[in-house]
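Take a look at the structure set out below.
The values are calculated or read from the model by the stated rules, or taken from the named source; none is laboratory data. For clarity, every value in this text was computed on a predicted model and none was experimentally measured. Cβ placement follows ideal geometry from the backbone for every residue including glycine, while neighbour counts extend to all protein chains displayed.
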Amino acid sequence: MARITAGVATSHVPAIGAALDHGKTKEDYWAPIFQGYEFSQQWLAGEKPDVIFLVYNDHASAFDMKLIPTFAIGCGEQFGIADEGWGPRPVPDVTGHPDLAWHISQSVIQQDFDLTIINEMKVDHGLTVPLSLMYGQPDAWPVQVIPFAVNVVLYPAPSGRRCYEIGKAIRRAVDSFDEDLNVQIWGTGGMSHQLQGPRAGLINKQFDNDFLDRLVTDPDGLADIPHVEYMREAGSEGVELVMWLIMRGALDDNVHELHRFYHVPASNTAVGHLILKNSS
Amino acid sequence: MALEKPYKDIPGTTIFDSAKARQGYQLNQFFYSLMRAENRERFLADESAYLNEWNITDDQKQAILDRDYNRVIALGGNIYFFAKLFFTDEISFEIGASMMTGVSQKEYRNMMLAGGRPIDGNRYIEEQE
């Protein structure tokens, strides 16, 4: 049967993608960030997951104001790369896993979480920057990816509690899929950052490091943080961190922390990264 | 009973809630149109003419022409939508953010390299009065 073996949390800052695409990874500003993922790339090459269930948010790329789904799952065969305003990133298209995605859709909706189904869409930096950080620059992504888009653009995003609980539902769905698949779940976005208004540039290292600690050891308590606390303490866009709780909800209660990385800044943002391995 | 909006006392911050989304629908659809290369070209060739194709207010048009992003926010703009105009102008998110904070890109970058804008003193509007 399919099983979730590990979870990855990572920021998905667009400037990181631009630095990679323009060959700036050795520059003083960017080098420490890419060094923080060297262990991760080696680890992932050894793990060779078949499928990544990739939790991210669309940044007004696939979804405009006409239609704003709270939770949307990509069930298509293939997902192209969005032109976010400067031309599409030069990365391979993303191959889905429709059989597993549809299975998860049916299971999770039957567990009372209403999902929007997507058959055709393009994916933006929220999904491709984490792939680039973890896989580098291959000609084709060596994994199938199920995009799972969470609304964090229009307030309110789903609560941390709801994200944590939908993670548990996703876990049950994957566990009930017959095919033998090594599945990872990634939660992306964050950490502290504010992109807009006079308070732009806000960073809160204390909040971020407490969040990293508690995501490992106290996710159930962490799920109770209200939106306003994320926005006040971690910046208006720091609320993206609720997506990490989906990843954590899909893992065992007890996990092994294999890797942690934290760095300020990448453009406007604090970069955080964790690899968590299921103990079972 | 009124909706709770506990985020109203965060300084220098406008949360894009349902009221802002209602106010900014057409404005944000304009920004979204800049996802397409041919629209970026048409906009840059004659900004006013392109803006006049959209059902947005004169105040919103002026804020766009002025690249006054704090005003864009006040008039219903969402950061992820108006960032399309940063990219149309070929400026980075970092430059765009510096424009909203009223400092140069260099000062802004130095602030970020020094650890970012500190949280202390930036939690509540009342701390800044």
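Here are some notes:
Yes/no matrix, rows are residues, columns are (1) surrounded by fewer than 21 Cβ atoms within 10 Å (Cβ to Cβ); (2) touching a residue at least 24 places away in the same chain (Cβ under 8 Å); (3) under 30 Å from A:PHE207 (Cα atoms):
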position	(1), (2), (3)
B:LEU27	no, yes, no
B:PHE30	no, yes, no
B:SER48	yes, no, no
B:ASP58	yes, no, no
B:ARG67	yes, yes, no
B:ALA74	yes, yes, yes
B:ASP89	yes, no, no
B:SER98	no, no, yes
B:GLY115	yes, no, yes
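- Within the set B:ASN122, B:ASN70, the sole residue that is polar (S, T, N, Q) and either part of a helix (DSSP H, G or I) or more than 12 Å from chain A (Cβ to nearest Cβ) (or both) turns out to be B:ASN70.
- Only one entry in A:PRO88, A:PRO138 is surrounded by fewer than 21 Cβ atoms within 10 Å (Cβ to Cβ) and under 21 Å from B:ARG40 (Cα atoms), namely A:PRO88.
- Just one residue in the set A:VAL145, A:VAL152, A:VAL129, A:VAL183 is modelled with pLDDT of 95 or more, part of a loop (DSSP other than H, G, I, E, B) and under 15 Å from the mean Cα position of the chain (by Cα); that residue is A:VAL152.
- Verdict on A:GLY76 being part of a loop (DSSP other than H, G, I, E, B), among the small types (Gly, Ala, Ser), touching a residue at least 12 places away in the same chain (Cβ under 8 Å) and surrounded by 15 or more Cβ atoms within 10 Å (Cβ to Cβ): yes
- Sole residue being part of a loop (DSSP other than H, G, I, E, B), of a type in the set (A, V, I, L, M, F, W, C), in contact (Cβ under 8 Å) with a residue 24 or more places away in the chain and over 25 Å from B:ASN122 (Cβ atoms), chosen from B:MET35, B:MET1: B:MET35
- The residues listed here are A:LYS24, A:LYS48; of these, the one that is out of contact with any Asp or Glu (no Cβ under 7 Å at 6 or more places or on another chain), among the basic types (Lys, Arg), modelled with pLDDT of 95 or more and at negative phi is A:LYS24.
- For the stretch A:158-169, the set of residues classified as surrounded by fewer than 22 Cβ atoms within 10 Å (Cβ to Cβ) and either hydrophobic (A, V, I, L, M, F, W, C) or not in a loop (DSSP other than H, G, I, E, B) (or both) consists of A:ARG161, A:ARG162, A:GLU165, A:LYS168, A:ALA169, listed by residue number.
- Members of the stretch A:55-95 found to be within 18 Å of the chain's Cα centre (by Cα), within 13 Å of chain B (Cβ to nearest Cβ) and hydrophobic (A, V, I, L, M, F, W, C), listed by number: A:ALA60, A:ALA62, A:PHE63, A:ILE81, A:ALA82
- The set of residues from the stretch B:85-118 being assigned to a loop (DSSP other than H, G, I, E, B), more than 8 Å from chain A (Cβ to nearest Cβ), over 18 Å from A:GLY235 (Cβ atoms) and of a type outside the set (S, T, N, Q) comprises B:ASP89, B:ILE91.
- Among (1) crowded, with 24+ Cβ neighbours inside 10 Å; (2) within 11 Å of another protein chain (Cβ to nearest Cβ); (3) under 17 Å from A:ARG162 (Cβ atoms), the one test that A:VAL228 misses: (1)
- Residue among A:GLY221, A:GLY190 that alone is assigned to a loop (DSSP other than H, G, I, E, B) and more than 11 Å from every other protein chain (Cβ to nearest Cβ): A:GLY190
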